[in-house]
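FYI, it's all coordinate maths here, none of it is from the lab. Since we're looking at a predicted model, the values are computed, not measured. Quick reminder, even Gly has a Cβ in these numbers, built from the backbone with ideal geometry, and neighbours come from all protein chains shown.
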Amino acid sequence: MLDAVDVRILSAVQQFGQISKTRLSELVNLSSTPCWIRLEKLKKAGYIKGYRGEIAIDKIIDLVKVIVTVSLKTHNRTDFQRFENCIQRVDEIVECSATGGGSDYVMKVITASLNDFQNLMDDLLNKEIGIDRYITYVVTRDVKSTPLSLLKLLENKKNP
């Protein structure tokens, strides 16, 4: 179970990524060695999935972002697995979530052009991975894209 110090460490890592032992201990208000030991335990326990730099790719190249909802023809476990296994291997599909309701999946796709996007979708349809229909939404502007605040989430859970 996580305690308040663990949550502060995770929150600092979420906000600042890889930071020095000294800076982390200052943010968490714990001496360096115990702070670093806790960080290592959190890593080993799988609470930290990784570190990455977020690149503003749209400043380098003009891209097309498309949100796609996908409905499958049939809904057996093997149908979902076949679709998901295929999607895992497509670099242009940067996010894919299984959903309940009107569609089975919502995907975020990034390509160099609308023509490239359509070629990708045609390729997926030709693979016969069970797609019944898909609906596309071209992203015209990103309004918000931030990670969920761990501290706020846990605070809301304590005070419903």
Where a Cα-Cα gap under 20 Å defines reach, which aspartates and glutamates qualify for LYS152, not counting those fewer than 8 residues away within the same chain? ASP3, ASP6
Have a look at ILE129, ILE57, LEU154 and report the one farthest towards the positive end of the charge dipole of the chain, computed about the Cα centre with Cβ charges (Lys/Arg +1, Asp/Glu -1). LEU154
Using the Cα centre of the chain as the reference point, and only Cβ charges (+1 on K/R, -1 on D/E), how large is the resulting charge dipole? Debye, rounded to the nearest 20. 820 debye
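By the scheme Lys and Arg +1, Asp and Glu -1, what is the net charge of all other residues having a beta-carbon under 9 Å from that of LYS65?
Taking every other residue near LYS65 into account, the sum is -1.
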Among PHE16, SER32, VAL143 - extreme Cα towards positive end, dipole of the chain, charges at beta-carbon: SER32
Sorted from largest down, what three extents in whole angstroms do the Cα atoms of the chain have along their principal axes? 58, 40, 30
Would you kindly derive the ³J(HN,Hα) couplings of region 37-51 from the backbone phi angles with the Karplus curve 6.51 cos²θ - 1.76 cosθ + 1.60 (θ = phi - 60°), listing them in order in whole Hz, with x for Gly and Pro? 4, 4, 4, 4, 5, 5, 4, 4, 7, x, 6, 10, 7, x, 10
I'd like the distance between the alpha-carbon centres of region 109-151 and region 5-83, rounded to an integer number of Å. 22 Å
Give me a comma-separated list of calculated 3J(HN,Hα) values for region 135-152, in order, Karplus coefficients 6.51, -1.76, 1.60 applied at θ = phi - 60°, integers in Hz, x for any Gly or Pro. 10, 10, 10, 6, 7, 9, 6, 7, 9, 8, 7, 9, x, 5, 6, 4, 4, 5
13 Å Cα-Cα reach of LYS108 towards aspartates and glutamates, excluding residues that sit fewer than 8 places from it in its own chain: ASP91, GLU92, GLU95, ASP142
Region 57-138 -> Rg/Rh from Cα coords, Kirkwood Rh, value 0.97
Kindly express, to the nearest 10 degrees and within the range 0 to 90, the angle between helix 77-88's C-alpha long axis and the longest C-alpha principal axis of the chain. 70 degrees
